[in-house]
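Here the structure is laid out as structure tokens; the discussion comes afterwards.
The values are calculated or read from the model by the stated rules, or taken from the named source; none is laboratory data. The structure presented is a predicted model; accordingly, all values stated were derived computationally and were not measured. Don't worry about glycine lacking a Cβ; one is built from the backbone with ideal geometry, like all the others, and counts go over all protein chains shown. Ligands, DNA and RNA are excluded from the accessible area calculation, which covers all protein heavy atoms including side chains. Shrake-Rupley method; radii C 1.70, N 1.55, O 1.52, S 1.80 Å.
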Amino acid sequence: DFMRKKAKCIVPAHRHAVDGVVVAPDGVACFSASRDRTVRMWDMDIPVDEDIVPVAEYLGESPFTSLDHHLKKPQFVTSGNIIELWDVNRTKPIQRFEWGDDTVRQCRFNKV
């Protein structure tokens, strides 16, 4: 509850630090990315008193540093040692970009 500055629930989402959280443009799903190499998709419409479990889980090859969701398509992008483009309906990335030993700290879709 933002106005009362109180958490409605606390979700043990990942085993390591969460470095990215984004809500899908339709407001139905939330995605969290972690250094444990997972992105998890969460349903935003579940009552607080129910057990909160991820709707889907996506496993990457390296720890994630950020993520962003496409404004219109059911896709998200993650950054880390590799930039990966994901479709929410697939468990593997649909596109990958690598630059050797460099780590990309932030990734964003162009909003234009």
Practice problem: Say whether the condition of being more than 21 Å from T91 (Cβ to Cβ), open to solvent by less than 70 Å² (accessible area, probe 1.4 Å) and either at pLDDT below 85 or not in a loop (DSSP other than H, G, I, E, B) (or both) is met by at least one residue in the stretch 38-47. | Solution: yes
Quiz item: Which of the residues that make up the stretch 48-83 are open to solvent by 60 Å² or more (accessible area, probe 1.4 Å), β-branched (V, I, T) and either under 13 Å from S34 (Cα atoms) or out of contact with any strand residue (DSSP E or B) (no Cβ under 7 Å at 6 or more places or on another chain) (or both)?
Solution: V48, V53
Quiz item: Under the condition of being at pLDDT below 95 and among the aromatic types (F, W, Y), which residue from the stretch 73-100 is nearest to Y58 (Cα to Cα)?
Solution: F97
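Could you say which residue among S62, S66 is touching a residue at least 24 places away in the same chain (Cβ under 8 Å) and either hydrophobic (A, V, I, L, M, F, W, C) or assigned to a strand (DSSP E or B) (or both)?
S66 is the lone residue from the list that is touching a residue at least 24 places away in the same chain (Cβ under 8 Å) and either hydrophobic (A, V, I, L, M, F, W, C) or assigned to a strand (DSSP E or B) (or both).
What is the residue count in the stretch 84-109 for residues that are open to solvent by 80 Å² or more (accessible area, probe 1.4 Å) and either among the hydrophobic types (A, V, I, L, M, F, W, C) or outside any loop (DSSP other than H, G, I, E, B) (or both)?
Taking the stretch 84-109 first, the residues open to solvent by 80 Å² or more (accessible area, probe 1.4 Å) are 89-92, 95-99, 101-102, 105-106, 108.
In the following step, the residues that additionally are either among the hydrophobic types (A, V, I, L, M, F, W, C) or outside any loop (DSSP other than H, G, I, E, B) (or both) were identified as 95-99.
Counting residues in the stretch 84-109 that are open to solvent by 80 Å² or more (accessible area, probe 1.4 Å) and either among the hydrophobic types (A, V, I, L, M, F, W, C) or outside any loop (DSSP other than H, G, I, E, B) (or both) gives 5.
Would you pick out the residues in the stretch 1-37 that are in contact with a His (Cβ under 6 Å, 6 or more places away or on another chain) and open to solvent by less than 40 Å² (accessible area, probe 1.4 Å)?
Step one: list which residues in the stretch 1-37 are in contact with a His (Cβ under 6 Å, 6 or more places away or on another chain), which gives 22, 24, 34-36.
If the condition is that a residue be in contact with a His (Cβ under 6 Å, 6 or more places away or on another chain) and open to solvent by less than 40 Å² (accessible area, probe 1.4 Å), then V22, A24, S34, D36 are the ones that fit.
Of everything in the stretch 15-27, what is assigned to a loop (DSSP other than H, G, I, E, B) and within 17 Å of W86 (Cβ to Cβ)? Give them in sequence order. Before the answer, list the steps.
Here is the first cut: in the stretch 15-27, the ones assigned to a loop (DSSP other than H, G, I, E, B) are 15-17, 24-27.
Hits for the stretch 15-27 are A24, P25, D26.
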